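First comes the structure, then the notes that go with it.
The values are calculated or read from the model by the stated rules, or taken from the named source; none is laboratory data. For clarity, every value in this text was computed on a predicted model and none was experimentally measured. When we count neighbours, we look across all protein chains shown, and the Cβ atoms used for this are built from the backbone with ideal geometry, even at glycine.
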Amino acid sequence: MTREFNYDAIISFAVFADKLNFTRAAEQLHISQPALHMKIQELTAALGVPLYRKNGRQLELTEQGKRVARFARDINSRTQSFLHELETGNDKQQVILAAGEGAYLYILGDAIRDFLKQPNIKLKLLTLNRDEVIDAIQTGKAHLGVASLETIPEGFQSQLLTKSEQVLVMPRKHSLAAKKRIRLNDLAGMKLIVPPADRPHRQTLAAALQSAGVPWEVAVEAAGWELMMHFVKLGLGVAVVNSICDIPTGLVARPLNELPRIHYHIFHLSGSANSGSVAELKKLLLTKVEK
């Protein structure tokens, strides 16, 4: 049976999926909140599946909602590209890449620079954490994602981009700076600068230290390698970061071999990056980034 739903409701849902808030989405669409609510109710009824649900005080997309959001964003992107081509005669394709701050700073720069040299290319960059990158691919916010992955999400196609050791960063005059390699036991009683508790790097480090029976203390929580190393330089503690980072003057980095290597992957939905500008960016990333 063919299900009827209108184009306007689909586009409105794409905005709602970005905001996950009726008030803010309605403001962006320049309509009232009840009007937006009605559009999404009608779309839900037409499709016959729940598109979002409440999780405490927050709204979140269902799996069906993520698929509809991806479809809606694809329609919107294709429409904008078609209108641009119709108006200017140029087939300017937009590619959206999602990655973390560290990946942009230390891994992806050369490939992005070369990609932007091509004519009729429009590149949009999203700076997100790992879980947000995965969600951006699932919901169609981005075509390609780069992040550290332990397992490949269902429905994704992934290729290894590069590997990185984990290193302890400390001032040159620190008592551990003379060592060539650091063991977990060396961190006993140390004040560590770490990411927030919900971040994968923090969880992996905390689990490894607990398994080794190593007591430690949180000196300060910081999001991002750059800020963590800045706090090390201020003398607040030491930090475990990826070896891809540029170590600031006055600090040294020593390998922590007992911690696993970080595997950065480039990934996308299966079958979605086989041609066009998305495939070209993927190829550049795979050839320009050092393994």
**Message:** Against the condition surrounded by fewer than 18 Cβ atoms within 10 Å (Cβ to Cβ), out of contact with any Cys (no Cβ under 9 Å at 6 or more places or on another chain) and of a type outside the set (A, V, I, L, M, F, W, C), how does Pro195 come out, does it pass?
**Reply:** no
Flagged in segment 198-213 as in contact with a helix residue (DSSP H, G or I) (Cβ under 7 Å, 6 or more places away or on another chain) and crowded, with 17+ Cβ neighbours inside 10 Å, in numbering order, are Ala208, Leu209
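To keep it simple, each residue is scored yes or no on (1) in the same structural domain as Ala206 (by TED's automatic domain parsing); (2) farther than 20 Å from Asn242 by Cα; (3) in contact with a Phe, Trp or Tyr (Cβ under 9 Å, 6 or more places away or on another chain); (4) surrounded by 15 or more Cβ atoms within 10 Å (Cβ to Cβ).
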site: Arg113; (1), (2), (3), (4): no, yes, no, no
site: Lys117; (1), (2), (3), (4): no, yes, no, no
site: Leu128; (1), (2), (3), (4): no, no, no, yes
site: Thr151; (1), (2), (3), (4): no, no, no, no
The number of residues in segment 21-46 that are in contact (Cβ under 8 Å) with a residue 12 or more places away in the chain, surrounded by fewer than 17 Cβ atoms within 10 Å (Cβ to Cβ) and among the charged types (D, E, K, R) is 1
When (1) out of contact with any helix residue (DSSP H, G or I) (no Cβ under 7 Å at 6 or more places or on another chain); (2) surrounded by 19 or more Cβ atoms within 10 Å (Cβ to Cβ) are applied to Val241, the one that fails is (1)
Filter segment 143-176 for residues that are part of a loop (DSSP other than H, G, I, E, B), under 22 Å from the mean Cα position of the chain (by Cα) and not charged (D, E, K, R); the one that is modelled with the highest pLDDT is His143
Apart from one, (1) assigned to a helix (DSSP H, G or I); (2) in contact (Cβ under 8 Å) with a residue 12 or more places away in the chain; (3) over 22 Å from the mean Cα position of the chain (by Cα) all hold for Val49; the odd one out is (1)
Listed by first then second residue, the pairs whose first member lies in segment 106-121 and is of a type in the set (Lys, Arg), whose partner is assigned to a helix (DSSP H, G or I) and surrounded by 13 or more Cβ atoms within 10 Å (Cβ to Cβ), with beta carbons under 6 Å and at least 6 positions apart or on separate chains, are none
Inside segment 215-225, the number of residues satisfying the requirement of being buried (at least 17 other Cβ atoms within 10 Å of the Cβ) and in contact with a helix residue (DSSP H, G or I) (Cβ under 7 Å, 6 or more places away or on another chain) is 3
